[in-house]
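Visitor: Once you've had a glance at the structure underneath, I'll fire off some questions.
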Amino acid sequence: MHYFIGNLGHLFVIASLVTSVVAAFAYWKSFYSTDSIKKEGWRKNARTAFYIHGLSVLGVVVVLFVIIYQHYFEYHYAYSHSSMHLPGQYMVSCFWEGQEGSFLLWMFWQAVLGVMLMRTKHGWETPVMIVFALVQAFLASMILGVVIPFADIKIGSSPFILLRDALSDPIFKMNRDFIPKDGHGLNPLLQNYWMVIHPPTLFLGFALTLPPFAFCMAGLWQKKYSEWIKPALPWALVGGAILGLGILMGGYWAYETLSFGGYWNWDPVENAVYVPWLILIASIHVMMTYKNSGTALKASIILNITVFILILYSTFLTRSGILGDASVHSFTDLGLSGQLLLYLLFFTIAAVVLSTVRWKQIPSTQKEISTYSREFWVFLGATTLCLMGFQVLMPTSIPVYNKIIELFGGHSNLAPPANQIEFYSKFQLWFGVAVALISGTGQFFWWKRMEKGKLKKELTVPVLISLIVFAVIISVANVYNPVYIVLTLAGLYLIVSNIKVLASVTKVNPTLSGGAIAHIGVGLMLIGILFSAGYSKVVSLNSSGLILNKEMGTDFNRDNLLLFINEPKTMAGYEIEYRSENLEFRNKNGYVRKNDIEPTADPYKVVATKDIVYQNKKIYSAKDTFAIYPENTFYEIEMRKNGKVAATLYPRIQINPAMGGFLASPDIKKNFDRDIYTHVSATMNREDEPTWSKVEEQKVKIGQQFFVNDYVAVLEEIKPINRVAGVELAGEDVAVQAKIKIEGEHEPFYAKPIFLIHNKTEVGRIPDEINDLGISIALLNINPQTNEFTFGTMARQKDWVVIKALEKPYINVLWLGTGILMVGFSVALVRRFKEYRTVAG
């Protein structure tokens, strides 16, 4: 038992909590000290405490990772999230798969940001770091894992709890020091490179919402009502970029891993991140408005507070267990719901009270906002983004409303939308149109003080170009849906107008081009979403007239294609063919056909029955033992065009009890103008006994050809063998094995049936089945007088798979738009951080 390392980790947790509280107290004393020597002394003490806090958090991270990586399964966290068979590249993913690890990741990023803020020379350190330290104290309490016996109160959930203390299994009563040989392991669906990079990016985005909030609170506290904007703005920008990047990563992960046919499912957990990001983007715009013209200060304060509170609210939604079965992403309740609620309420009440107390003192602009001013258009855009977020937030919070009503003794029948994608999309689409029109027009006011008479002149060219391009697109792409027509025009207008603005500002100062570039990216995203989602169509139509599954309904039988192995069909302009079932190499890239391997006692290892070749390269030799991933079966689908292989797809079926058992993941044929998105809908059930034909007997001599279910076969040899799997051969036992070559559609197969005589009188026959051909061959008898061998052959239905394929037109426009959006953020960030360093210096 490795007690020391767990105790060390828990000590680091306690130290992180204590030092964060000490840092907050010392900064508080420094803030209110009137004596300059004492002020500086308390500030140094606070800095020391926060540095120790940061080192303590790092210590917790290192200890937890060591426990996971070294497979210390006596600890519940290691047992629950890792296993002996988990590849090394996914070990780090175990760290943040659980609730405690995700809190720790969040805490780590905020500790890093806190140290960065302390080392930056500016006059905001003391009040800003008070907020930072308090937030860190709350997060540290989430992984404290202490129970107060007399009050029956649990504070946090420790990642260092022993398995015997977490599970009430009888084995621990018999052997208190029992350690499992293997862990439960990382969910196979999460064994993906996106799991390595997506959560850290997302939690860094969460952490980056704290600096603007802290600067805002510090400004209200010190009555520096406007000065906080300048140092907070760069942090808000980088937070918007990183959080947006995390959301986009999640969308692409869903697109290539899940089989619902898209990249955004409007799942409550997705919504809980999307809404704060929308409000963050709105806050960035109003903050820039105040910086440029001195208006919208109160709006900036409200939105900055709202962003951080929404991040805390999303944490409560996803980690309190309140969503229940409403989301596949939500965590189960670890008994932290009350603590999470306290965390949310503390900062909400503190921010609201401080804002209310200072509200009348916050300066307001007396200038009348004209329709032809930049302030009006930015405020209009920010309002639209807030309404956009509000529309998503309200239905997502239905489980919260129900819980509140139940707490007061009532009963609520409210339920989240049944069809999430349809419900949210129909509203968000029109908000997207509004954002495009406002952003496209507002940019002209942003860079120029637009006179009423000049507006028509400025807008004429973008509008005309947009209409011309729009006419071409709807004609070529056959866009007839009125809603899509409006969205197409709005997206094009956003792109064209910002290209004009980009051309203008680049001549003056290229560093000012970030906003225009980002808006062009948004316009491309709107166009890409429109075509890839609105004009996505099923291309795997069942034209055979066969009912594939009577229980699955009309849509399933219409939209899915039955493929028998090695029998080509036509789909989406390609000749497609199901070739084989495959497993994935564990230590090499590529796949091996199941027919080319034999299992071993270890489910993670197999033996090659022939040389293993993948993409014309020899990977393993016959009889080699090598490692595979047993959970995943990949169905090889070959796509040909004009007789040449255009692509080979490997859609996946995963046996995943944690996610309901049968889990499909797509594979995608990527083209410049469209993706062919293919996943498996149904597979042959090998647990059912196959229906075989009657045995057909044939007498064959060595070298003689014969037919097996319309396949040409030849008996190549008969040889004695000394070993038979599953049979102990005695001294006088005789066993012979036939080798029969069968010509398949693409390659030869070999059947090796066995005939044996046991104890001189008992005759045994071990047939050989070739799955790809749906045949079984048994050596029934040997006639030495005629040198003939009698074979019994049976046939069954060939292996098959049912697939569904969707055509996603112009989805690359969406991915291009996301890249350009990030470029725009980057340009803006460089400029704002240069300004920030100038102010700090």
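The values are calculated or read from the model by the stated rules, or taken from the named source; none is laboratory data. Please read these numbers as outputs of a predicted model, since none were measured by experiment. Because the Cβ atoms are built from the backbone with ideal geometry, glycine has one as well, and the counts that use them run over all protein chains shown. Calculation scope for accessible area: heavy atoms of the full protein, side chains included, ligands and nucleic acids excluded. Shrake-Rupley method; radii C 1.70, N 1.55, O 1.52, S 1.80 Å.
Visitor: I need the full set of residues from segment 40-62 which are crowded, with 21+ Cβ neighbours inside 10 Å and among the β-branched types (Val, Ile, Thr), in order please.
Guide: Val57, Val60, listed by residue number.
Visitor: Do you know which residues across segment 259-305 are within 25 Å of Ser355 (Cα to Cα) and polar (S, T, N, Q)?
Guide: Residues satisfying the conditions are Ser283, Thr289, Asn292, Ser293, Thr295, Ser300, Asn304.
Visitor: Inside segment 223-274, can you point out the residues that are of a type in the set (Val, Ile, Thr) and within 24 Å of the chain's Cα centre (by Cα)?
Guide: Residues satisfying the conditions are Val238, Ile242, Ile247, Thr257, Val269, Val273.
Visitor: Is it fair to say Gly819 is buried (at least 20 other Cβ atoms within 10 Å of the Cβ) and closer than 30 Å to Gly250 by Cβ?
Guide: So Gly819 does not fit the description; no.
Visitor: Among the residues of segment 19-39 satisfying the criterion of being part of a helix (DSSP H, G or I) and β-branched (Val, Ile, Thr), which is least open to solvent (accessible area, probe 1.4 Å)?
Guide: Out of the qualifying residues, it is Thr19.
Visitor: Please go through segment 554-603 and give me each residue that is acidic (Asp, Glu) and under 17 Å from Lys623 (Cβ atoms), ordered by number.
Guide: Asp596, Glu598, Asp602
Visitor: Taking the condition surrounded by 13 or more Cβ atoms within 10 Å (Cβ to Cβ), in contact (Cβ under 8 Å) with a residue 40 or more places away in the chain, over 16 Å from Leu715 (Cβ atoms) and out of contact with any helix residue (DSSP H, G or I) (no Cβ under 7 Å at 6 or more places or on another chain), does Ala735 pass?
Guide: Against the criterion (surrounded by 13 or more Cβ atoms within 10 Å (Cβ to Cβ), in contact (Cβ under 8 Å) with a residue 40 or more places away in the chain, over 16 Å from Leu715 (Cβ atoms) and out of contact with any helix residue (DSSP H, G or I) (no Cβ under 7 Å at 6 or more places or on another chain)), Ala735 does not qualify.
Visitor: Something else now. Pairs, please: C-beta under 7 Å, at least 6 apart or cross-chain, first residue in contact (Cβ under 8 Å) with a residue 40 or more places away in the chain and in segment 384-406, second open to solvent by 60 Å² or more (accessible area, probe 1.4 Å) and in a helix (DSSP H, G or I)?
Guide: As it stands, the answer is Gln391/Phe427, since those pairs meet every condition given.
Visitor: Another question about this same structure. Hey, can you tell me all the residues within segment 209-241 that are of a type in the set (Gly, Ala, Ser) and either in a helix (DSSP H, G or I) or surrounded by 24 or more Cβ atoms within 10 Å (Cβ to Cβ) (or both)?
Guide: Ala214, Ala218, Gly219, Ala232, Ala236, Gly239, Gly240, Ala241, listed by residue number.
Visitor: Restricting attention to segment 475-518, which residues are among the small types (Gly, Ala, Ser), closer than 28 Å to Val830 by Cβ and crowded, with 18+ Cβ neighbours inside 10 Å?
Guide: Hits for segment 475-518 are Gly491, Ser497, Ser513, Gly514, Gly515, Ala516, Ala518.
Visitor: Looking at segment 599-622, which of its residues are over 33 Å from the mean Cα position of the chain (by Cα), surrounded by 11 or more Cβ atoms within 10 Å (Cβ to Cβ) and under 19 Å from Gly726 (Cβ atoms)?
Guide: Result: Thr600, Val607, Thr609.
Visitor: On to the next question. Has segment 307-323 got at least one residue that is of a type in the set (Ser, Thr, Tyr), within 27 Å of Pro268 (Cα to Cα) and at pLDDT below 80?
Guide: Yes, segment 307-323 contains a residue that is of a type in the set (Ser, Thr, Tyr), within 27 Å of Pro268 (Cα to Cα) and at pLDDT below 80.
Visitor: Something else: Six or more apart or on different chains, Cβ under 7 Å: which pairs go from a residue in segment 36-51 that's in contact (Cβ under 8 Å) with a residue 24 or more places away in the chain to one that's open to solvent by 60 Å² or more (accessible area, probe 1.4 Å) and assigned to a helix (DSSP H, G or I)? Could you list them?
Guide: These pairs meet every condition: Ala49/Val22.
Visitor: I've got another one for you. Given the conditions (1) buried (at least 19 other Cβ atoms within 10 Å of the Cβ); (2) touching a Lys or Arg at 6+ places or on another chain (Cβ under 9 Å), report the number of the one that Val813 does not fulfil.
Guide: (2)
Visitor: Please tell me if Trp277 is open to solvent by 10 Å² or more (accessible area, probe 1.4 Å) and under 13 Å from the mean Cα position of the chain (by Cα).
Guide: No: the conditions fail for Trp277.
Visitor: Let me ask another. Do the conditions hold for Leu163, that is, is it within 27 Å of Asn656 (Cα to Cα), touching a Pro at 6+ places or on another chain (Cβ under 8 Å) and touching a residue at least 12 places away in the same chain (Cβ under 8 Å)?
Guide: Yes, satisfied.
Visitor: Still on this structure, I have one more. Would you confirm, using the coordinates I've provided, whether Glu567 is among the acidic types (Asp, Glu), surrounded by 15 or more Cβ atoms within 10 Å (Cβ to Cβ) and either under 20 Å from Thr678 (Cα atoms) or modelled with pLDDT of 90 or more (or both)?
Guide: So Glu567 does not fit the description; no.
Residue-by-condition table, conditions (1) in a helix (DSSP H, G or I); (2) within 20 Å of Leu429 (Cβ to Cβ); (3) more than 36 Å from the chain's Cα centre (by Cα):
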site: Leu464; (1), (2), (3): yes, no, yes
site: Asn478; (1), (2), (3): no, yes, no
site: Val483; (1), (2), (3): yes, yes, no
site: Leu489; (1), (2), (3): yes, yes, no
site: Leu494; (1), (2), (3): yes, yes, no
site: Asn498; (1), (2), (3): yes, no, no
site: Val505; (1), (2), (3): yes, no, yes
site: Ser513; (1), (2), (3): yes, no, no
site: Ala516; (1), (2), (3): yes, no, no
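Visitor: Check Gly145, Gly114, Gly101, Gly156 and return the single one that is touching a Cys at 6+ places or on another chain (Cβ under 9 Å), within 26 Å of Arg319 (Cα to Cα) and not hydroxyl-bearing (Ser, Thr, Tyr).
Guide: Exactly one residue qualifies, and that residue is Gly101.
Visitor: If we scan segment 433-441, do we find a residue that is assigned to a helix (DSSP H, G or I), under 18 Å from Ala272 (Cα atoms) and open to solvent by less than 30 Å² (accessible area, probe 1.4 Å)?
Guide: no
Visitor: In segment 570-592, which residues are open to solvent by 20 Å² or more (accessible area, probe 1.4 Å) and small (Gly, Ala, Ser)?
Guide: Matches in segment 570-592: Ala572, Gly573.
Visitor: Counting only residues that are more than 27 Å from Met571 (Cα to Cα) and either loosely packed, with under 14 Cβ neighbours inside 10 Å or among the aromatic types (Phe, Trp, Tyr) (or both), how many does segment 697-724 have?
Guide: Counting residues in segment 697-724 that are more than 27 Å from Met571 (Cα to Cα) and either loosely packed, with under 14 Cβ neighbours inside 10 Å or among the aromatic types (Phe, Trp, Tyr) (or both) gives 15.
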